[in-house]
Every structure is written in C-alpha cells, then in structure tokens.
Amino acid sequence: MNQERILVVEDELKIAELHRDYLEQSGFQVSILERGDEVVSRIKKEPADLILLDLMLPGKSGEEVYRKLRTFSNIPTNMVTAKTEEIDRLLGLELGADDYICKPFSPSEVVARVKAVLRRSCATFNEGPWLTGGPIRLNPENPGSICGAATRQPHSQRVWPALSHDEKTGEGLQPVRTSEHCAGI
Ligand code: CA
C-alpha cells in the first residue's frame, strides 16, 4: 500500500470528504483545507506529495495559491475547476499545473488522475542524476523535486540544506538512478 500524502483544498466540505474517502481507499493519506490562504503555510510546515487544488476558494484563489507554491516548491498539483472555460483560460496562461479536472467528476476518475500525475512526477524525477542519503532522495539539478518516500519525511524541508552541503563534500551521498520509490503508485 502506498502512503503518499494528498492535500485536498476544497471549501465544499461534501466534495472534500468524497475526495478523501476515495483517496484513502486507494491507500493515500489525506488532509483537507477549506481556505486558500492557509495552503502555503501548511505545505511549508507539513509537505505533501500532491495537492488537489480547487480554483474558487475563500481567502485566496487556487490560481494565486498555485503561483505562490511554485515560488518555492514543485509539488505536483491537480487544479479543480467548476467550468471548462476556466481550464481553457488557465491553459492559455501556461500556468503549468500538472492536471486540470472539471466539476462534476467521478471520484474514481479523480483518484486515477492523481495516480497518473504522481507517476509522471516520479518519471520526471528519475531523469538525471540522483543523490541519496538515508531515506532521502533528490535531484541536485532540480532541488524542488523530492519524490516518494522523501516527501513523507516530516522534516524534509529542513533536511534539504544539509543534503546540499553534503553534495559539495560528497560525504554520505551517492548518485544513483532508480525508480524504487515510485513503485506502487
Ligand atoms: Ca470552491
């Protein structure tokens, strides 16, 4: 069973709970946030492996939240909108979200698309050299890309500077190419 952590940002609680129930049945750990302006501080404190991000949110729109997230994180993001026209507009902006889901949707479709985005993000991560130190794996050419087990470390954001330092000295880290942490998604 995988234990990737999904943050569901959705102000309609019934929809959020539906996402949570289906994702949990697929083995994900799920947290729910109802406000856009709480997402960035939550992610800095408690990293997730993917965000399911509704566009219309109280506090801060999904679009604003996404732009802010991208200033410090490459966390895979599925944007959820209520209008197909919104998807066209967002694609036109080349916002760069990993996937766009339009309401209404079937919960099982959402689970399938979450898995697809996680698979893609792992595949991207596997390109180029990897560094590994204990349970942490990262791509030195793309420090924001931390895959699988690494993002489940509660202090992964604090671990990264230490790994940067080790990268320079070469101590305790070895370049590897592997997809083992992507198995089971
Ligand atoms: Ca909403």
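So that you can scan it fast, the table gives a plain yes or no per residue for (1) at pLDDT 95 or above; (2) open to solvent by less than 40 Å² (accessible area, probe 1.4 Å); (3) away from the ligand (no atom under 16 Å from the Cβ):
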residue: 4; (1), (2), (3): no, yes, yes
residue: 11; (1), (2), (3): yes, no, no
residue: 36; (1), (2), (3): yes, yes, no
residue: 40; (1), (2), (3): yes, yes, yes
residue: 53; (1), (2), (3): yes, yes, no
residue: 63; (1), (2), (3): no, yes, no
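So residue 30 ticks every box in (1) part of a loop (DSSP other than H, G, I, E, B); (2) touching a Lys or Arg at 6+ places or on another chain (Cβ under 6 Å) but one. Which box is left unticked?
Of everything listed in (1) part of a loop (DSSP other than H, G, I, E, B); (2) touching a Lys or Arg at 6+ places or on another chain (Cβ under 6 Å), residue 30 misses just condition (1).
Does residue 47 fit the bill of being away from the ligand (no atom under 14 Å from the Cβ), at negative phi and either open to solvent by less than 70 Å² (accessible area, probe 1.4 Å) or among the β-branched types (Val, Ile, Thr) (or both)? Don't jump to the end; show me each part of the working.
On the way: away from the ligand (no atom under 14 Å from the Cβ): yes; at negative phi: yes; either open to solvent by less than 70 Å² (accessible area, probe 1.4 Å) or among the β-branched types (Val, Ile, Thr) (or both): yes.
Here the answer is yes, as residue 47 does meet what is asked.
Which one of these does residue 22 not meet: (1) away from the ligand (no atom under 15 Å from the Cβ); (2) under 20 Å from residue 118 (Cα atoms); (3) within 17 Å of the chain's Cα centre (by Cα)?
Just one mismatch for residue 22, condition (3).
Please verify whether residue 79 is within 16 Å of the ligand (Cβ to nearest atom) and in a strand (DSSP E or B), treating the condition exactly as stated.
Numbers: within 16 Å of the ligand (Cβ to nearest atom): yes; in a strand (DSSP E or B): yes.
Answer is yes for this residue.
The values are calculated or read from the model by the stated rules, or taken from the named source; none is laboratory data. Here the structure is a predicted model, which is why all the values come from computation and not from measurement. Neighbour counts are summed over all protein chains in view; Cβ atoms, including those assigned to glycine, are modelled from backbone coordinates with ideal geometry. Keep in mind that these areas ignore ligands, DNA and RNA; they rest on the heavy atoms of the full protein, side chains included. Shrake-Rupley method; radii C 1.70, N 1.55, O 1.52, S 1.80 Å.
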